[in-house]
Amino acid sequence: MTETTAADWSAPLDLGAGPVRLVPLVVGYEPIPESISIRGGDPARFLLEPVTAAAIVYERGWVLVDGGFNLDLVRDPVARAAHYDYEGYTAVVPPGDALAEGIAAAGLDWSALALVALSHVHLDHTGGLRLAPAGVAVALQRREWAWLVGGAGRAETVVPGDLLASGATVLLLDGDVELAPGLRALDTRGHTPGHQSFSVALPERTVVLAADAADLRRNLDERVACGWTARPEDAAAAQRAIERLADLEREPGVEVWPGHDPDWPAWRR
Ligand SMILES: [Zn+2]
């Protein structure tokens, strides 16, 4: 097994003038209490939320944003019991391998994968690394990396091995960073210590993938943050993140996509 290493981010990737298309992917589902997704929500009302990812396609290569669950762990009863231990939660995965099939259906090849950009290290985002070629670069905020290597694990709904045993080269970002022409990481920390969202400047519009900084459309419309943060002291940061995303959407031609909204059109099959 190749060792996962970390290094500083250096320069934007040279993949082409800008993204030519964005492929939305739904790679699983999870029941989440409304109170986790939005502060003030009902803790007894469960939403069956899509687990989402996206491929950002350039002339020369593509970037994977997040990747859902590690199916090998979800489908093995012993591994599943070892990694998933919180009440009321289960990973729901469709038959087959939705990520592999979605990438193939989009006509993309893993050998052309230039980068995996992880919004954060929760287990419903890191599992796609199992499909990435060894040594692939992973863009992560430095704060998130510090939280992971500092011991985030089962109790934090993190499967450390998804990244730490992947053999990836983790490239550490400090705040807003241009990853490639037309693709920017946006600091939206709060949900986790180094959460990030991604702005994708497509030919016809700009899409901001909020990930878990805004699970639901309601977070944005009502400017109310997620109801849960990995560290209680990050609640104010989570609120700043939602304000930032809601402000961005006021700019002409910008759409912010909530990361886990069952009713958001891009995530409906
Ligand atoms: Zn999360």
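The values are calculated or read from the model by the stated rules, or taken from the named source; none is laboratory data. Remember, it's a predicted structure, so these values are computed and weren't measured experimentally. Ideal geometry is used to build each Cβ from the backbone, glycine not excepted, and the neighbour counts take in all protein chains shown.
Residues that are surrounded by fewer than 22 Cβ atoms within 10 Å (Cβ to Cβ) and among the polar types (S, T, N, Q) were ranked within the range 187-218; the one that is farthest from the chain's Cα centre (by Cα) is Thr206. Under the condition of being touching a Leu at 6+ places or on another chain (Cβ under 6 Å), within 22 Å of Val136 (Cα to Cα) and surrounded by fewer than 19 Cβ atoms within 10 Å (Cβ to Cβ), the residues counted in the range 26-82 number 1. Those helices (runs of 4 or more DSSP H) of the range 74-128 in which 2 or more residues are modelled with pLDDT under 95, over 19 Å from the mean Cα position of the chain (by Cα) and not polar (S, T, N, Q) occupy 77-83.
Just one of (1) in contact with a strand residue (DSSP E or B) (Cβ under 9 Å, 6 or more places away or on another chain); (2) within 15 Å of Val65 (Cα to Cα) fails for Gly227. It is (2). Taking the listed residues Leu131, Leu108, Leu99, Leu140, the one that is surrounded by 23 or more Cβ atoms within 10 Å (Cβ to Cβ) and away from the ligand (no atom under 16 Å from the Cβ) is Leu99, with no other qualifying. Residues in the range 150-172 that are among the hydrophobic types (A, V, I, L, M, F, W, C) and within 16 Å of the ligand (Cβ to nearest atom) were compared, and the one that is nearest to Pro133 (Cα to Cα) is Leu163. For the range 208-261, filtering for residues that are of a type outside the set (S, T, N, Q) and either in contact with a Pro (Cβ under 9 Å, 6 or more places away or on another chain) or within 16 Å of the ligand (Cβ to nearest atom) (or both) leaves 30. Quick one: in the range 175-207, which of the residues that are more than 17 Å from Pro12 (Cβ to Cβ) and of a type in the set (Val, Ile, Thr) is nearest to the ligand (Cβ to nearest atom)? Checking each candidate, the answer is Thr192.
Filtering the range 228-239 for residues that are at pLDDT 95 or above, under 24 Å from Gly182 (Cβ atoms), crowded, with 24+ Cβ neighbours inside 10 Å and in contact with a Ser or Thr (Cβ under 9 Å, 6 or more places away or on another chain) leaves an empty set. Looking only at the range 63-70, decide whether some residue is over 27 Å from Ile36 (Cβ atoms) and either outside any strand (DSSP E or B) or away from the ligand (no atom under 16 Å from the Cβ) (or both). Yes; the residues of the range 63-70 include at least one that is over 27 Å from Ile36 (Cβ atoms) and either outside any strand (DSSP E or B) or away from the ligand (no atom under 16 Å from the Cβ) (or both).
List the strands (runs of 3 or more DSSP E) that sit entirely inside the range 139-226 and contain at least 3 residues that are within 21 Å of Arg244 (Cβ to Cβ). Talk me through it step by step, then tell me what you get.
On the way: elements: 169-173, 177-180, 183-187, 196-201, 206-211.
Ranges flagged: 177-180, 183-187, 196-201, 206-211.
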